[in-house]
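Input: a single structure, listed below in structure tokens.
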Amino acid sequence: MHRYAIGGIVAVILLNLLLRSLTRLGGLPATLLVASLAAVAMTLCFAWRQRRAPSPGERRRLLWLYGGLLGLLYLGLLALMALKDEPSPMGLLLFALHYLCYPLFARLLFSERVFRRLG
């Protein structure tokens, strides 16, 4: 499961860089688009390679790895932001909202119901 989680994180980084630099789309809409595309990519890749739905344990491991590693990256980004200027409480709330989109979409799309429809 670590390959799918790391692949999802690489997809998030690349999609964010491409989307935010090549288009004028930013903020929460860009985050929602990138989070959904990364979750779809992980789901389709797992379905294509494994030809089955993930077990509940695999699903939990993927979500913990993906969400945890992205959380560490987000904490590093928050530390860099704090070095520049102290973020406000509303800024922290928005930052958390952006982060939570990624594990939420992964949870929604890496579900039993989605795999039943795929296969």
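A few remarks follow.
- Test: residue in segment 1-11 that is surrounded by fewer than 11 Cβ atoms within 10 Å (Cβ to Cβ) and either more than 11 Å from the chain's Cα centre (by Cα) or not in a helix (DSSP H, G or I) (or both): no
- For segment 1-17, a residue qualifies if it is hydrophobic (A, V, I, L, M, F, W, C) and either modelled with pLDDT of 95 or more or within 20 Å of Leu62 (Cβ to Cβ) (or both), and the qualifying residues are Met1, Ala5, Ile6, Ile9, Val10, Ala11, Val12, Ile13, Leu14, Leu15.
- Residue among Leu80, Leu104, Leu15, Leu65 that alone is over 28 Å from Arg117 (Cα atoms), in a helix (DSSP H, G or I) and out of contact with any Phe, Trp or Tyr (no Cβ under 7 Å at 6 or more places or on another chain): Leu80
- Assessment of segment 79-99 against the conditions (of a type in the set (A, V, I, L, M), surrounded by 11 or more Cβ atoms within 10 Å (Cβ to Cβ), under 21 Å from Ile6 (Cβ atoms) and at pLDDT 90 or above) yields no matching residue.
- Figure legend. Inter-residue proximity from segment 69-93: first residues of a type in the set (A, V, I, L, M, F, W, C), second residues outside any helix (DSSP H, G or I), beta-carbon distance below 8 Å, spacing 6+ or different chains. Indicated pairs: Leu78/Pro87; Met81/Pro87.
- Within segment 9-27, considering residues that are β-branched (Val, Ile, Thr) and out of contact with any helix residue (DSSP H, G or I) (no Cβ under 6 Å at 6 or more places or on another chain), the one farthest from Tyr74 (Cα to Cα): Thr23
- Qualifying residue in segment 35-57 (condition: free of Cβ contacts under 8 Å to residues at least 40 places away in the same chain, of a type in the set (Gly, Ala, Ser), over 16 Å from Tyr4 (Cβ atoms) and touching a helix residue (DSSP H, G or I) at 6+ places or on another chain (Cβ under 7 Å)): no
The values are calculated or read from the model by the stated rules, or taken from the named source; none is laboratory data. As the structure is a prediction and not an experimental result, all values here were calculated from the model. With ideal geometry, Cβ positions are generated from the backbone for all residues, glycine too; neighbour counts draw on all protein chains shown.
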